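Chemist: Here it is: the structure, laid out below.
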Amino acid sequence: MTTIGLLTNPIAGMGGAVGLKGTDGQAAEAIRRGAVPRASSRAAEALRLLAGRGIRFLTPAGAMGADALDATGITGYEVVFTPGEPTTAADTREACRAFAAAGVDLILFCGGDGTARDVLDAVGRSVPVFGIPAGVKMYSAVFAVNPAAAAAVVIGLDAARLRDAEVLDVDEEAYREGRLAVRFYGAARVPYLPGRVQGAKAVFEEVDDERAKREIARFIAEVMIPETLYIVGAGSTTEAILAQIGLEGTLLGVDLVMNGRVVAKDADERTILSHLTGAAAARIIASPIGAQGFILGRGNQQISPAVVRRAGGPGRIIVVGTPAKLAGTPALYVDSGDPALDGEFGDSIAVVSGYRIAQRKRVAHHR
């Protein structure tokens, strides 16, 4: 029988929709802004697919794991650790040490990059680990592309498929100020199943890549429609679009533009929805994250399922990406948090990659 140590970080991802770009040290502020916990529901998405498969679960009490198991009807699990209230990074590390001492086959954690660092601190390479994505950014290569893919990896767990994967440390203070500062934190052992595991965030800075960004920006600026609200996602390619029309964007945030001016800068989900209420038409401009290929669900949770639907659905999303970025992105992914919406994206999508040039990229679906 496979034994899984299940751990959920209750505050993971809460800062995304409210525009905090991370939750480390910001949980109270996220709650003040109206953030809703999402990690337990993300864990439950994966656990529903694992129920009835003869897996033995060890877990912390309450919101750190037991609640998600209860929500999916999985019984017979063993509580091996009781966290404090509120939970802390120290609780994560102690729970993982308890898993390791119990001889689990895998630690399945639900959180973001900060959770991945705490898990690695606790067990290093002594125990395989794998992440159900629930954070804001998730630049590390230890996560599934979505909860369903996480379940698929667990079902196909095979020690022969373990590989080293990067855990990255993102400076959240710099990130909130619009600067991306990433360093290698360590290597974890993770199970690998092609198409189910995301890669580490890649940053492209080549001269040709910068030229391509300018060409993309020139084309998008030409086709922007008056009286239309443009929801401009994070990234240097989208930043170049705003620069082309003489505006200063938020590199790692979401800006709202209409009729050649910024009407809201670094907007959260609530602000976007309020502007959509009065808009005659809307478009979303998004760029895939590095070599990970996520259109939605990594670093842009402000563009929530509610925002996408209010804007008119997936057909109102304009995806932009340079040839260098697309060359390192075999497929695109959508992990909005709403599997029904994710399923509305077709099998492929056109990505603007130059001036009046587009590439059609496959959209990978894992249900």
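Chemist: State which residue pairs qualify: first residue in contact (Cβ under 8 Å) with a residue 24 or more places away in the chain and assigned to a helix (DSSP H, G or I) and inside segment 81-107, second residue of a type in the set (S, T, N, Q) and open to solvent by 70 Å² or more (accessible area, probe 1.4 Å) in any location, beta carbons under 8 Å apart, and separation of 6 or more residues or different chains.
Modeler: As it stands, the answer is 100/126, since those pairs meet every condition given.
Chemist: Any idea which of (1) touching a residue at least 40 places away in the same chain (Cβ under 8 Å); (2) part of a loop (DSSP other than H, G, I, E, B); (3) surrounded by fewer than 17 Cβ atoms within 10 Å (Cβ to Cβ) is the one residue 208 doesn't satisfy?
Modeler: So the condition that residue 208 fails would be (2).
Chemist: Filter segment 352-367 down to the residues that are assigned to a strand (DSSP E or B) and open to solvent by less than 40 Å² (accessible area, probe 1.4 Å), then identify the one that is nearest to residue 224 (Cα to Cα).
Modeler: Here the answer is 352.
Chemist: Counting only residues that are open to solvent by 30 Å² or more (accessible area, probe 1.4 Å) and of a type in the set (Asp, Glu), which one in segment 83-133 is farthest from residue 143 (Cα to Cα)?
Modeler: 85
Chemist: Also: Output the residues belonging to segment 272-324 that are aliphatic (A, V, I, L, M), open to solvent by 10 Å² or more (accessible area, probe 1.4 Å) and under 18 Å from the mean Cα position of the chain (by Cα).
Modeler: Hits for segment 272-324 are 289, 291, 306, 317.
Chemist: If you go through segment 329-351 one residue at a time, do you hit one that is more than 30 Å from residue 274 (Cβ to Cβ), open to solvent by 20 Å² or more (accessible area, probe 1.4 Å), without any contact (Cβ under 8 Å) to a residue 24 or more places away in the chain and part of a strand (DSSP E or B)?
Modeler: Yes: segment 329-351 contains one or more residues that are more than 30 Å from residue 274 (Cβ to Cβ), open to solvent by 20 Å² or more (accessible area, probe 1.4 Å), without any contact (Cβ under 8 Å) to a residue 24 or more places away in the chain and part of a strand (DSSP E or B).
Chemist: Still on this structure, please answer the following. Sort out which residues of segment 153-198 are part of a loop (DSSP other than H, G, I, E, B), at pLDDT 70 or above and open to solvent by less than 80 Å² (accessible area, probe 1.4 Å), and write them in order of number.
Modeler: Within segment 153-198, 156, 157, 158, 171, 192, 193, 195, 196, 198 meet the criteria.
Chemist: Let me ask something else about it. Please state which of the following conditions residue 228 fails to meet, knowing it meets all the rest: (1) closer than 23 Å to residue 289 by Cα; (2) among the β-branched types (Val, Ile, Thr); (3) more than 26 Å from the chain's Cα centre (by Cα).
Modeler: Condition (1) is where residue 228 drops out.
Chemist: Would you check which residues across segment 113-144 are farther than 16 Å from residue 64 by Cα and assigned to a loop (DSSP other than H, G, I, E, B) and list them?
Modeler: 124, 125, 126, 127, 128, 136, 137, 138, 139, 140, 141, 142
Chemist: Name the one entry in 228, 238 that is surrounded by fewer than 17 Cβ atoms within 10 Å (Cβ to Cβ), polar (S, T, N, Q) and either modelled with pLDDT of 90 or more or in contact with a Pro (Cβ under 6 Å, 6 or more places away or on another chain) (or both).
Modeler: None of the others qualify; the one that does is 228.
Chemist: Answer yes or no: is there a residue in segment 61-76 that is more than 30 Å from residue 233 (Cβ to Cβ), open to solvent by 30 Å² or more (accessible area, probe 1.4 Å), of a type in the set (Asp, Glu) and assigned to a loop (DSSP other than H, G, I, E, B).
Modeler: The answer is no, given that none of the residues of segment 61-76 is more than 30 Å from residue 233 (Cβ to Cβ), open to solvent by 30 Å² or more (accessible area, probe 1.4 Å), of a type in the set (Asp, Glu) and assigned to a loop (DSSP other than H, G, I, E, B).
Chemist: Separate question: For residue 48, indicate whether it is open to solvent by 30 Å² or more (accessible area, probe 1.4 Å) and within 26 Å of the chain's Cα centre (by Cα).
Modeler: Yes, satisfied.
The values are calculated or read from the model by the stated rules, or taken from the named source; none is laboratory data. Remember, it's a predicted structure, so these values are computed and weren't measured experimentally. No Cβ is skipped: glycine too gets one built from the backbone with ideal geometry, and neighbour counts run over all protein chains shown. To get the accessible areas, we keep the full protein, side chains included, count just its heavy atoms, and leave off ligands, DNA and RNA. Shrake-Rupley method; radii C 1.70, N 1.55, O 1.52, S 1.80 Å.
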